[in-house]
Amino acid sequence: MILAPEVLTLLIINGIFLLLATVAFILSVKIFLKWDINSTTKTQYTLEKQSFLAATIIKYIFAIKLPLFLFFVFTLDKISTLLTGAMCAAGVVDATEYGTYLLILKLLNLYLFGFWLTLHYLDMKSPNLPYSKIKFEFFIIAFLFLVAEIVLEGIMFQAIDIDKMVSCCGTLYSSASTSAIGDILNINPTLLLGLFYGNFILMVLFYKLKVKYLFAISNITFIIIALISLISWFGTYIYELPTHHCPFCFLQSDYYYVGYAIYTALFIGTFYGIRSGIMEMIGEERKRSYNISLIFNTLYLLIVTAYPLVYFMRNGVWL
Amino acid sequence: MITLENVSKIYELNKNHNVTTLEQINLHIKEGELVVLKGVSGSGKSTILSLIAALTKPTEGEVVVNEKRISKLPDSFASDYRQQDIGFIFQKYNLIPTLSVKENILLPLVPTNPAEDEAQAKLGKVLEQFQIAHKKDEMVRNLSGGEQQRVAIARAHVNNPKIIIADEPTANLDEKLSLDFIEILKQLKSEGKTIVIATHDPLFFDLEIVDRIVEVKAGKIL
């Protein structure tokens, strides 16, 4: 097990999260079972008080989880220097069989907590607390994912063996790789770029036509296509190396930490895009979500497009 | 206007020790009514006022004001309700000693951030109405008890709330100042305000302007 200060920090914070989230979970179950907003009984008043406590706990967990995710990626990057063969966070993620699942779970949890916060925001806007029951039902599910993430994170750091050689990102994200990554990297770039820009144009179209559900769906497809095209094509222009496809290296100082800006823009943009669909589903009209989504998705598109364009203007050729 | 239905308030000091301050009380106050809650210290009068002002929630039962279920309001909405609908006069005035008279009076307007002209107009009106215009720039700590009481009333009134709540308003006043306060009450009642006063001052029990005296004893209405 690696006990670097950053890993210890993550484990301690996870322990605190688990403790607090368990309190919120117990209260959520009570609320789920007994909540009746029209009731004026002692039980209901107690539940209303407890709902504010539970909501405060969940809000603070989310508020810390958001920067903590960036810290987690930073930690992976930092401890990669301790593993033989690893050049960046990719080597640490691949050092155990749990790394990739943990990363996916962490991202999923950020979206889940974000959607919970959306429900909470809508709930607190009305004096009748219309979404209280549903938001705590939602947290009961989110809690299970959170526990899975915390357990998996502990297992992953436990399972890392610093004496074992790991693969570097150059090997992991290579078109010669026999894994699914290899298949992704072998997708025709013209097709991929057509899908990426086509998806974005559709998104703008749905925004203009105010087709809210399709706008949300186009955001879901946009995350997938954007990540694939980033690894497969755009990333190579950030590195200016046609064979380097790592999704982590551009988080390093050598690339001015541009990866943080790229991922932040993509995740905020798509989060708000999906959020707008959820809002529509529960009958809430919020134009702000659409605007934020489009602004950040456009920002993502501009950043990743700028690299190949600048490269072409400077060198007169594509990679 | 104001309805308390089967309201109980129990403070849990610890697992084995509860204090019941109100027990299954029912009370209805009509719009424009001046009601005096009479009772000894600890009888539950102030708790009733706190419930009407949404400063606390009942343990059981419901408080409805103007068809609004205020005992069910989340904190942010309860704050709005207090800011818009309630003027509270405290026994010890609860003025901020480091602020001037006008600054204290303007405090309830801060959350809504009205235009300067509007705020000054409201300030000027209550300063005149409660005869403290000449003291407007004085620090409240330099005022007499009676003057502080007027500032407290002006502050409670500046938002033009529908309901005025007063908790032992004459406890710190001599007889003359208490009579002055009653004159102010007459003014407020003539404006159609609903007024609820908790007191054990006998001065209030024979007043013409009082519509009803409600006796509270050991957490129950007699």
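Any read-out appearing in this document is the output of simple, stated calculations on the displayed coordinates, not a laboratory observation. Owing to the predicted nature of the structure, the values given are computational and were not obtained by experimental measurement. Here the Cβ is made from the backbone with ideal geometry for all residues, glycine too, and neighbour counts use every protein chain on show.
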message: Could you check the range B:67-83 and list, in sequence order, the residues that are within 14 Å of B:K162 (Cα to Cα) and within 13 Å of chain A (Cβ to nearest Cβ)?
response: B:E67, B:K68, B:D80, B:Y81
message: For the range B:33-50, check the following and say yes or no: at least one residue is within 27 Å of A:P130 (Cα to Cα), touching a strand residue (DSSP E or B) at 6+ places or on another chain (Cβ under 8 Å), part of a helix (DSSP H, G or I) and more than 9 Å from chain A (Cβ to nearest Cβ).
response: no
task: Output the residues belonging to the range B:1-32 that are away from every other protein chain (no Cβ under 14 Å) and either of a type in the set (S, T, N, Q) or surrounded by 15 or more Cβ atoms within 10 Å (Cβ to Cβ) (or both).
output: B:M1, B:I2, B:N14, B:N16, B:T21, B:L27, B:I29, B:G32
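Look through A:I238, A:I201, A:I187 and report the one residue that is surrounded by fewer than 16 Cβ atoms within 10 Å (Cβ to Cβ), more than 20 Å from the chain's Cα centre (by Cα) and in contact (Cβ under 8 Å) with a residue 24 or more places away in the chain. I'd like the intermediate steps shown before the answer.
Working: A:I238 fails: surrounded by fewer than 16 Cβ atoms within 10 Å (Cβ to Cβ); A:I201 fails: in contact (Cβ under 8 Å) with a residue 24 or more places away in the chain.
Being surrounded by fewer than 16 Cβ atoms within 10 Å (Cβ to Cβ), more than 20 Å from the chain's Cα centre (by Cα) and in contact (Cβ under 8 Å) with a residue 24 or more places away in the chain holds for just one of A:I238, A:I201, A:I187, which is A:I187.
The rows are residues; the columns are (1) more than 30 Å from A:R288 (Cα to Cα); (2) crowded, with 17+ Cβ neighbours inside 10 Å; (3) under 18 Å from the mean Cα position of the chain (by Cα).
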| position | (1), (2), (3) |
| --- | --- |
| A:K106 | no, yes, yes |
| A:T118 | no, yes, yes |
| A:M124 | no, yes, no |
| A:K135 | no, yes, no |
| A:I140 | no, no, no |
| A:L144 | yes, no, yes |
| A:I160 | yes, yes, no |
| A:D163 | yes, no, no |
task: Collect the residues in the range A:45-90 that are free of Cβ contacts under 8 Å to residues at least 12 places away in the same chain, within 14 Å of chain B (Cβ to nearest Cβ) and surrounded by fewer than 17 Cβ atoms within 10 Å (Cβ to Cβ), keeping them in residue-number order.
output: A:T46, A:K49, A:F52, A:T56
query: Just checking, how many residues over the range A:15-42 are among the charged types (D, E, K, R) and away from every other protein chain (no Cβ under 14 Å)?
result: 2
- prompt: What tally of residues in the range B:51-66 results from selecting those that are within 14 Å of another protein chain (Cβ to nearest Cβ) and either within 15 Å of B:I164 (Cβ to Cβ) or under 12 Å from the mean Cα position of the chain (by Cα) (or both)?
  reply: 4
message: Take the conditions of a type in the set (A, V, I, L, M) and either touching a Lys or Arg at 6+ places or on another chain (Cβ under 6 Å) or under 18 Å from B:K92 (Cα atoms) (or both) and apply them to B:V126. Does it pass?
response: no
task: Could you identify the single residue in A:F312, A:F267 that is surrounded by fewer than 16 Cβ atoms within 10 Å (Cβ to Cβ), outside any loop (DSSP other than H, G, I, E, B) and not β-branched (V, I, T)?
output: A:F312
